[in-house]
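These notes are about the structure you will find just below.
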Amino acid sequence: MPNDDIRQVFIEYVESFGKEYQDREFLEQYIRDSYDLTPRGIVDGLGLLDVDYNKVSAYGHFGKEGLPWEQ
């Protein structure tokens, strides 16, 4: 059972390949403040526990209706 108290954030660096209109530090802070990037936040935010993975595994997993990452 995963530990729900994990607070490790996955973002450490933002790469915009020189196309940013804001300072990189501003962008990094904006992302940290706007998104929950803990493991639990990513799972909840993408609805990864609400998917029938038996249906996803058949005939590929892109372009299927009803998948949270396709919206």
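Every number in this text was worked out from the coordinates using simple rules, so none of it is lab data. Note that the structure is predicted; figures quoted are calculated from it, not measured. Ideal geometry is used to build each Cβ from the backbone, glycine not excepted, and the neighbour counts take in all protein chains shown.
At a glance:
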{"item": "Amide H contacts of VAL51 (H built 1.01 Å from N, under 5 Å, at least 5 apart or other chain)", "result": "none"}
{"item": "Estimated FRET transfer efficiency (ARG32, GLU65; beta-carbon r; R0 30 Å; 0.05)", "result": "0.40"}
{"item": "Positive minus negative residues near ALA58 (Lys, Arg vs Asp, Glu; Cβ under 12 Å)", "result": "+1"}
{"item": "Under Karplus coefficients 6.51, -1.76 and 1.60, residue-wise ³J(HN,Hα) of region 41-57 in Hz, glycine/proline x", "result": "x, 5, 4, 5, x, 8, x, 5, 8, 9, 10, 7, 5, 5, 6, 5, 6"}
